[in-house]
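Asks: My questions all concern the structure below.
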Amino acid sequence: MKSFFQKGAESVSALADKLLEEVQNGLSMFKEVVNGLPVFISRESSDNYSVEYDEKHYFVIPFVPSETGFALHTMRCLPKGVPEVNNLPKRRVFHFAHEHAEVALQQQMLSSARDIATENQAESVSSLESLANDIDALGSKLTYGMLLVGGVAAIFNPLLGAGIAAKALLPGVTGLLSKYGLRPAGEKMTRAQLEEQIKNAEKNVLQQFSESSTIKVINPVLQELDLTLRTDESEHDPLVDPNLANGSFAGEDNARWKQLTITAIYHVYKDVYQNPKLHAEAQLGPEDIRWFDVLFSNQED
C-alpha cells in the first residue's frame, strides 16, 4: 500500500513537472480585469531592431465593452535570444490613440489606487514615469500574487500548484520558478520562505525598468482603431478609405512597433472578434471585421 501511494505521488509530481515545462515554453500572455479595466500582459521577441533595447510597451487600446472604454496591454519586447536578465539599455513606450487617452489612463489608475498602487507610492500621478511605475506595480501584484498562491498550493498539491503558477509565468517571471526554487514538485518550503523569495524576485525584475527612459507616442494603428469604432461603414471603411494605420512612428522601429501594436490589439479583441454575437456590443461593423481579418492574418492562436 505504501508503495502504491508513493508511485501515485511520483506520478503527480512528474505531471506537475511536465505541465511546468509546457507552460514555460508556451505561455506568453494572460489577462485579468481590475476595477473594470481589462489588463493584458505578454512577452514578445523580435529580430527587427535597429538598435537593440529591452523594452516595455504600454498600449492603451480603445475597447468599448469594458467599463473604462479601453484596455491596458503591457508588453515586454526583447531581441530574439536575449535572456530576461540582460545588460541592454531599457526603455518604456506608452502608446495612445489620441492626446486624451493619457488623462483617461491616469484617472483610472488614480481611482483604483487602493488596489493597484504600492503602499509607499504617492497619491497622484505627476509623470509618465510614475504612471509606468503604478502599472508595473499592478502587474507585479497580479503576477507575483498568483505565483505565491501557486507556490503555497504546490506544498499540498503539486499539480494544482503548477496550474495556478502557470498564470504567473509572465514577462520577467519565466525563469523565476527555477531561479528561486519555486518548483511545483512540492519541495518543503514555508509560506514565509516563499514570500521572501518572491519579494526578492519581484524587486530584481522591477528595478530593471524603474529608472529607464520613457517615451510617449500617438500610435497610428490605435488612431485608426479609434476612428473605426466611432464610424459606420458609410462614413469610413478602413480597407477602402485612407487609413491612419498606414502612418509611421517617429524613429527607425516602425515595422516592429506596428507589429507589436497589432499583437496587442489581437490579444484584447480576440474573443470578441471570433464571436459574431459580440460584434455589436464592441461597436464592430462588417467593415471593421474585414479590416481585422487583414490585420490579424499573421497572428497565431
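Asks: Could you line up E44, E55, E129, E99 from fewest to most neighbouring Cβ atoms inside 10 Å?
Replies: Fewest to most other Cβ atoms nearby, the residues stand as E99, E129, E44, E55.
Asks: May I pose another question? When W257, W291 are ordered from fewest to most other Cβ atoms inside 10 Å of their Cβ, what list results?
Replies: Ranking W257, W291 by Cβ neighbours within 10 Å, fewest first, gives W291, W257.
Asks: Further question: Want the number for V103 to A255: 0.36 nm per residue separation, take away the alpha-carbon distance, what's left?
Replies: That pair, V103 and A255, stretches by 52.0 nm at full extension.
Asks: Give me the one-decimal nm value for the distance between modelled label points at E281 and K216, 7 Å along each residue's Cα-to-Cβ direction.
Replies: 3.3
Asks: Using the beta-carbon distance between N246 and I289 and R0 = 30 Å, what value does 1/(1 + (r/R0)^6) give for FRET efficiency, to the nearest 0.05?
Replies: 0.95
Asks: Now for a separate question. If you take every residue apart from E233 with its C-beta less than 13 Å away from the C-beta of E233, what net charge results, scoring Lys and Arg +1 and Asp and Glu -1?
Replies: Summing Lys/Arg as +1 and Asp/Glu as -1 gives -4.
Asks: Now for a separate question. What's the exposure ranking of F40, F63, going from fewest to most Cβ atoms within 10 Å?
Replies: With the fewest neighbours first, F40, F63 line up as F40, F63.
Asks: To the nearest 0.05, what FRET efficiency results for K90 and L110 with a Förster distance of 35 Å applied to their C-beta separation?
Replies: 0.85
Bear in mind these aren't lab numbers, they're just calculated from the coordinates by the rules spelled out. If you're wondering where the values come from, they're calculated on a predicted model, not measured in any experiment. Glycine gets a Cβ as well: all are built from the backbone with ideal geometry, and neighbour counts include every protein chain shown.
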